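Report on one structure; see the data block that follows.
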Protein chains: 2
Amino acid sequence: MQIIGFIGLGLMGKPMAENLLRATFSLVVHNRSRAAVDELVTQGARAANSPREIGEQCAVIFTMLPNPETVATVVGEILEFARADTIVVDCSTSHPRLARELAERGAQRGIFVLDAPVSGGQVGAEQATLSMMVGGDENAFARVLPVLQHLGKNIVRVGEAGAGQIVKAANQIIVALTIEAVAEALNFVEKSGVDPVKAHKVMLGGFATSRILELHGQRMIARNFVPGGRAETHLKDLNIALDVAQTNGARLPGTQRVAEMFEELIARGFGDEDHAALWRIVANEFDN
Amino acid sequence: MQIIGFIGLGLMGKPMAENLLRATFSLVVHNRSRAAVDELVTQGARAANSPREIGEQCAVIFTMLPNPETVATVVGEILEFARADTIVVDCSTSHPRLARELAERGAQRGIFVLDAPVSGGQVGAEQATLSMMVGGDENAFARVLPVLQHLGKNIVRVGEAGAGQIVKAANQIIVALTIEAVAEALNFVEKSGVDPVKAHKVMLGGFATSRILELHGQRMIARNFVPGGRAETHLKDLNIALDVAQTNGARLPGTQRVAEMFEELIARGFGDEDHAALWRIVANEFDN
């Protein structure tokens with residue numbers, strides 16, 4: 001059986017790696033901090049000390065990393081040491097331009113780099129119900145699809161290298177702007193003296209319904225901003241979209257405005273809270 | 001059996017009235033233009049020539065009217081001529097202040113006026129799956145609930161008179177801002193050269209999913225802006241929210257901005273198109 005590598009055992013990466021172990025794949029894992037590695041080892045994984053070690057022995061390598069800079073370093077090291085025909089599946093949310101560059105560098109050595117960012121959060125990672133938006137070589141995608149199916153449910157190859165990151169950026173635009181919309185609406189209801197729990201319940205039955213209204217609306221009503229998805233991470237995603245828009249000419253007026261609201265939230269010290277904490281800015285919490 | 005009245009047989013009102021006929025209620029209908037009345041009569045309804053005639057003979061009276069001005073006129077006439085203990089259920093999207101005024105005027109004559117705006121569109125009206133957000137007297141609501149259950153599925157009394165309209169305004173805020181979000185995201189995807197159909201499909205499986213992404217996203221990709229819900233109507237709804245926000249102190253920065261985009265769309269002659277036509281403004285269609 002082919003050996004699978006997994007690098008980046010954070011909130012998302014760890015449950016994804018655990019799903020691969022449960023599917024009885026032979027798994028080698030690496031992570032910056034050792035605790036998560038040890039935990040996976042008790043579940044049957046082997047530990048590796050570097051991306052190089054993973055690169056040298058694995059046929060399929062997953063990466064789930066916090067930002068494009070780390071993706072560039074880690075995937076860069078893999079590309080130096082991996083064998084030809086290795087498939088690298090980068091599940092990080094990263095920059096489409098970097099995804100294209102890495103795919104091109106890989107292609108020069110016969111290595112396939114797919115960008116495969118996900119949506120669905122920690123719950124989706126745990127339950128293997130993630131959406132995966134994949135960009136890159138069509139044959140490599142077909143070969144790795146049976147493995148991906150242990151991680152997610154709605155897996156679509158959306159185009160060539162970088163296309164997965166483009167769609168993930170679009171996804172994060174919708175999520176951010178919907179969070180802002182739900183915050184405006186629920187604050188409007190509360191400021192009018194109407195019970196937001198009842199309003200939330202009835203709106204979930206009509207055209208306003210969404211995963212964000214359901215989940216993040218609930219968090220806003222409860223003022224429970226334990227992450228989920230961190231505000232700072234979401235701003236990073238929006239900045240990728242805004243950067244891409246400078247070259248593709250798409251107008252993103254709402255994204256621009258909501259990114260500024262996230263900047264204010266983070267400047268006030270709430271970057272580690274859930275992105276639903278955008279409610280604090282919309283509700284003008286700091287002027288009261 | 002008590003006689004039920006229905007005034008306003010438009011895109012929403014007609015299928016709602018038909019559902020009441022199907023439930024074998026004894027129905028009297030009135031409409032500004034006669035064609036819809038005649039159609040209902042062939043299905044077993046009786047015709048009335050004025051809100052007064054409806055008011056004089058009905059125990060429960062539904063109104064589904066295009067704007068607050070018409071609501072004030074029609075419900076005003078009903079309140080003059082209806083018997084004590086009549087229940088008026090105004091399903092129009094109207095102003096919360098008017099809803100409170102009409103409820104108070106009704107109360108002086110022993111008539112109950114409930115505000116009961118709906119969400120779910122023409123399809124929801126036809127399939128009797130509307131969400132109904134109801135404000136007003138609790139006993140009157142309990143008495144009329146068995147009738148409402150032939151019109152919708154998710155029926156919640158959200159508070160006193162006017163509360164239904166507050167929640168409807170909040171609902172319309174979310175719908176408008178989500179439409180704008182979906183337009184930015186899909187235009188971003190297209191401008192990046194990625195297939196919007198594939199992007200749409202995969203985003204529907206993750207956190208970005210919503211009724212609006214599903215339905216209005218589809219319309220944007222197909223450039224099919226046959227209404228559904230008209231852009232001009234939606235701007236009217238947003239202006240109610242913005243007006244309320246002037247007195248309750250809620251901040252609505254996104255709503256303000258999207259209302260301006262709808263204004264531009266309408267000024268360019270697209271007010272009769274579906275609200276998903278907001279895509280035209282986001283995609284900067286007019287500068288190309």
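The values are calculated or read from the model by the stated rules, or taken from the named source; none is laboratory data. All of these numbers come straight from a predicted model, not from anything done at the bench. No Cβ is skipped: glycine too gets one built from the backbone with ideal geometry, and neighbour counts run over all protein chains shown. Protein only, heavy atoms only, side chains kept; ligands, DNA and RNA dropped before computing areas. Shrake-Rupley method; radii C 1.70, N 1.55, O 1.52, S 1.80 Å.
Quick look at the numbers
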| item | result |
| --- | --- |
| Accessible solvent surface per residue of chain A, calculated while the other protein chains remain in place, 1.4 angstrom probe, Å² | 38 |
| Those residues of the stretch A:200-214 for which accessible area with every protein chain present is at least 10 Å² below the isolated value (1.4 Å probe) | A:201, A:202, A:203, A:205, A:206, A:207, A:208, A:209, A:210, A:211, A:212 |
| Charge dipole (debye, nearest 20) of the protein assembly as shown; +1 at Cβ of Lys and Arg, -1 at Cβ of Asp and Glu | 940 |
| Computed accessible area, residue B:223, all protein chains, 1.4 angstrom probe, square angstrom | 100 |
| Nitroxide proxy distance, nm - points 7 Å out along Cα→Cβ at residue A:49 and residue B:285 | 6.2 |
| Under 25 Å between alpha carbons - lysine pairs in chain B that sit 8 or more apart or on different chains | 6 |
| Backbone N under 17 Å from the residue B:243 label point (7 Å along Cα→Cβ), restricted to the stretch B:72-86 | B:72-76 |
| For the stretch A:2-75 versus the stretch B:1-37, the gap between their alpha-carbon centres in whole angstrom | 64 |
| In the stretch A:168-210, the trypsin sites (Lys or Arg not before Pro) that fall in loop regions by DSSP, at most 12 other Cβ within 10 Å | none |
| Mean ellipticity per residue at 222 nm, deg cm²/dmol - from DSSP H runs of n ≥ 4 across chain A, formula -39500 (n - 2.57) | -17000 deg cm²/dmol |
| Extended-chain gain in nm, criterion 0.36 nm per residue less alpha-carbon gap, residue B:257 and residue B:201 | 17.3 nm |
| Rounded FRET efficiency, nearest 0.05, which uses the C-beta distance separating residue A:22 from residue A:81 and R0 of 41 Å | 0.90 |
| Value of relative contact order over chain A, rounded to a whole percent, pairs C-alpha under 8 Å and six or more apart | 13 |
| Accessible area buried between chains A and B, both sides summed, probe 1.4 Å, in Å² to nearest 100 | 5300 |
| Point-charge dipole on Cβ atoms (K/R +1, D/E -1) for the stretch B:72-111, about Cα centre, debye to 20 | 80 |
| Fluctuation leader among A:181, A:231, A:250 - chain A, Gaussian network, Cα springs under 10 angstrom | A:250 |
| Accessible-area composition of the stretch B:3-160, carbon plus sulfur, in percent [1.4 Å probe] | 49 |
| GNM result for chain A, Cα springs below 10 Å: residue of A:169, A:23, A:82 fluctuating most strongly | A:23 |
| Chain A: most fluctuating residue of A:28, A:197, A:175 per GNM, C-alpha cutoff 10 Å | A:197 |
| Label-point gap, in nm, between residue B:70 and residue A:138 - each point 7 angstrom along Cα→Cβ | 5.2 |
| For residue B:46, distant residues with modelled amide H under 5 Å away | B:27, B:28, B:29 |
| Only Lys, Arg (+1) and Asp, Glu (-1) charged, at Cβ; the stretch A:166-287 dipole about Cα centre in debye | 360 |
